[in-house]
Amino acid sequence: MTTESFRAEEGRPERSDEGARGGKRGGARGLLDVLGVAAVVLDAEGRILFWSPQAEELFGYRAAEALGRYAGQLLVPEEHLELVARLFSEVLESGESWAGAFPVLHKDGTTRLVEFRNMRLTDGLGDVFALGIAADHATVQRVETDLALSERLVSQSPIGLALMDTDLRYVLVNPALERIDRIPAAEHLGRHVRDTLPVRDVDAVEAALRRVLATGTPLVDRYVLGRHALGPDRPSGPAGSAGPAQQAEQADPEDVRAWSLSCYRLEGHQGRILGVAISVIDVTERHRAATEADRARRRLGLIADASARVGTTLEVGQTAHELAAVAVPELADVAAVDVLDSVLSCRRPGAPDSGPELFRALAVKAGHPTAAVAAADPTGEPAMYGADRLVTRCVHTGLPVMVAEVTEADLPAIARNERAVELLAQAGLHSYLAVPLIARGEVLGALDLKRTRNPLPFDEDDVILASELAARAAVSIDNARWYQSVRNSAVTLQRSLLPGNPPSPVGLEVASRYQPAHASMEVGGDWYDVIPLAGEKTALVVGDVMGSGIDAAATMGRLRTATCAFADLDLDPAEVLRHLDKITAGLEHYIATCLYCVYDPRTGQCLISNAGHLPPALLRASGGPAELVRVPTGAPLGVGGVAFETVTVPLGPGDLLVLYTDGLVETRNDPIDRRLDALLALLDDPRRPLEETCTVLLRALRRSDDFDDVALLVARSLP
């Protein structure tokens, strides 16, 4: 036997493949180094011919001390010599290997348990030798235990586990990962993640794996989504066919899966990089629960948003716009609110299922530019829908109507005409839902919802949410329509108690306006009057009954009638107010303010008496700023026992006199002096047409939230 046959004694192979791939020469390279496997060669007589460096470490003897000596005498305790000799002979004679743990003498005098593997060797001359491979029994047992544990953990783990090499190709896959991506382990080997794991953003996953491999920083609990694009019985796809990552994007949305991905760099002894270890946990149920919880939170948020945004005013149109705006885009891509025309007119609706219905479109809202908006009924216009239309069925039955998957055959029952059918098809309408607007047991109309861009069809959860939104909005719409009806009636009553077109008095040009409160449906007690008197004189009157409602309007009517009666007696303004004070004192719980003026064109004078009212404004034609006429304030009518005074104010040709009630200048936040200054500043042109002057004053001084009505009377003396 030649020494070239046993290079292991030197422990340095002439070429190491591991070293060629970056391993460290002469260092620990793998499992054999962990075990410290020693090699010993004996001749047929049992003498030691070769002694590896690992044998020196295991048994304590240097090669020079061991070579040429009988192994039995050197290493075997005396009580085991006979057994060892017999086993040695059996190996050489039969050629069968022998393995087992055996006590061995160490150079230091101790006995150690060593794991042996013995086999027969034959050289080219026919001579036989015995090769003994040995390792520390405790070390072997520990490694075996670790390997068994690792194998069981990998094979039985419910977590998908894989090992990838430095090229990020699979080298090991456990059964759990086979179940996750539905590909046998054998078909994983040598492939990349994008070829197996059906995740959506596979590029990002592979980039993350490369970072882990390069930096050694682990990736923990990376949340990825995908779909089971391939079933367990899938055929092997041809080269170039779409892989799982691509097919995952095309799979059924119901098959969406979620996985938690963790990975770390796997390193051997002395830092040699082996690859990347990956663990994959199926967290689909957790994902679905979280998705449902998030969906529920968003829907509750939508309902809360609707509670705050819908019904902010008592205007039917504004409420409808608010409802449509809340529904888009969270619930639908296009939303429309259609109310029965009979409801807006406060007429009793006809019997259900009685045929076609006349709707009035109040609002249309889209989340993005779409032809579906042009297909909707024009806002404010009436539209007749037959009994075969889905929106008509919705209001007849008082139940939601849903078409989860709209087909071409469904469009005529949704659209208002043939052109609308074309527009809806062009917009890509694929799901439709109509829910009734019901308040106090009465069907008011319908909330019409369409999906064109949102890929999901309407479902039962959407029906519940839309019905909740519609129910809340229906109450606001009902309140608004009754408010508008009552308010219209109240304003009609109020106007009926006021004079019609003022007469054309001698020597005066007059204009008047009455404007009800913007933010209240109660009628007020404000009034004005222009009363012709004897001797070509004219009485100009404004008044304000404190309070609101029908009683205040009735009191105003009484006072106006009484004022006309006392004016016919040609009394001094102070006397007229004294008589009105007596009448008002007899009216329970009411007081009123009043400004009574008598203009005599022959003298060019105006006699004025005041009962607790704001002073009139005067703008001279001769120039100068407008000013408030200084008249004694007096007590309001109804206080009783208070004297009134009359003052005389010259009123020359072209002079402008403005009488008004407090609703024009009083607000909740501004000082009255500042508001009066604003009134005077607006009176800057005595030649402006009187109707235009009324418009300027009301437009500049009135606000949308004013809670009081206004009576305004403007007079200009003629040359």
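The values are calculated or read from the model by the stated rules, or taken from the named source; none is laboratory data. Because the structure is a prediction, the values reported are computed rather than measured. Glycine also receives a Cβ, built like all others from the backbone with ideal geometry; neighbour counts cover every protein chain displayed. Each accessible area value is taken on the protein alone, full model and side chains, heavy atoms only, with ligands, DNA and RNA left out. Shrake-Rupley method; radii C 1.70, N 1.55, O 1.52, S 1.80 Å.
Of note:
Rundown of residues vs (1) modelled with pLDDT of 95 or more; (2) under 21 Å from Cys606 (Cα atoms), yes/no style:
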position	(1), (2)
Leu618	yes, yes
Thr633	no, yes
Leu637	no, no
Thr646	yes, yes
Val665	no, no
Glu692	yes, no
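- In the set Ala715, Ala681, only one residue is loosely packed, with under 12 Cβ neighbours inside 10 Å, small (Gly, Ala, Ser) and more than 48 Å from the chain's Cα centre (by Cα); that residue is Ala681.
- Residue match in region 204-219 (condition: of a type outside the set (Asp, Glu), out of contact with any Cys (no Cβ under 9 Å at 6 or more places or on another chain) and at pLDDT below 85): no
- Cβ-Cβ contacts under 6 Å between residues 6 or more apart (or on different chains), taken from a first residue in region 285-308 that is β-branched (Val, Ile, Thr) to a second residue that is open to solvent by less than 60 Å² (accessible area, probe 1.4 Å), are absent.
- Being over 20 Å from Ala324 (Cβ atoms) and either open to solvent by 10 Å² or more (accessible area, probe 1.4 Å) or assigned to a strand (DSSP E or B) (or both) holds for only one residue in Pro436, Pro455, and it is Pro455.
- Residue in region 365-385 that is touching a Cys at 6+ places or on another chain (Cβ under 8 Å) and either surrounded by fewer than 22 Cβ atoms within 10 Å (Cβ to Cβ) or not in a helix (DSSP H, G or I) (or both) present: no
- Leading residue by the ranking (surrounded by the most Cβ atoms within 10 Å (Cβ to Cβ)) among those in region 610-654 that are over 60 Å from the mean Cα position of the chain (by Cα) and of a type in the set (S, T, N, Q): Asn610
- Within the option set Tyr596, Tyr590, being modelled with pLDDT of 95 or more and aromatic (Phe, Trp, Tyr) holds for one residue only, Tyr596.
- Single condition Leu197 does not satisfy, out of (1) within 37 Å of the chain's Cα centre (by Cα); (2) free of Cβ contacts under 8 Å to residues at least 24 places away in the same chain: (2)
- When residues of region 274-312 are limited to those that are of a type in the set (Val, Ile, Thr) and open to solvent by less than 50 Å² (accessible area, probe 1.4 Å), the one farthest from Leu172 (Cα to Cα): Val310
- Counted residues, region 89-114 - those being part of a strand (DSSP E or B) and open to solvent by less than 30 Å² (accessible area, probe 1.4 Å): 4
- Residue that is surrounded by the most Cβ atoms within 10 Å (Cβ to Cβ), among those in region 54-79 that are out of contact with any His (no Cβ under 8 Å at 6 or more places or on another chain) and aromatic (Phe, Trp, Tyr): Tyr61
- From Leu571, Leu607, Leu595, Leu657, residue being open to solvent by 40 Å² or more (accessible area, probe 1.4 Å), closer than 25 Å to Pro499 by Cα and part of a strand (DSSP E or B): Leu607
- Only one of the numbered conditions (1) without any contact (Cβ under 8 Å) to a residue 60 or more places away in the chain; (2) in a loop (DSSP other than H, G, I, E, B); (3) of a type outside the set (D, E, K, R); (4) open to solvent by less than 20 Å² (accessible area, probe 1.4 Å) is not met by Leu423, and that is (2).
- Selection from region 635-657 of residues that are within 20 Å of Leu559 (Cβ to Cβ) and in contact with a Cys (Cβ under 9 Å, 6 or more places away or on another chain): Pro636, Leu637
- Residue count for region 576-592 satisfying the condition of being in a helix (DSSP H, G or I) and open to solvent by 70 Å² or more (accessible area, probe 1.4 Å): 2.
- Filtered residues of region 161-201 (kept if modelled with pLDDT of 85 or more, in a strand (DSSP E or B) and surrounded by 20 or more Cβ atoms within 10 Å (Cβ to Cβ)): Ala162, Met164, Tyr170, Val173
- Scanning region 202-220 for residues that are open to solvent by 30 Å² or more (accessible area, probe 1.4 Å), among the β-branched types (Val, Ile, Thr) and touching a strand residue (DSSP E or B) at 6+ places or on another chain (Cβ under 7 Å) yields a single hit, Val220.
- Test for Asp529: is it modelled with pLDDT of 90 or more, among the acidic types (Asp, Glu), on the phi < 0 side of the Ramachandran plot and open to solvent by 10 Å² or more (accessible area, probe 1.4 Å): no
- Exclusive hit being over 48 Å from the mean Cα position of the chain (by Cα), open to solvent by less than 60 Å² (accessible area, probe 1.4 Å) and within 28 Å of Leu580 (Cβ to Cβ), set Leu676, Leu698: Leu676
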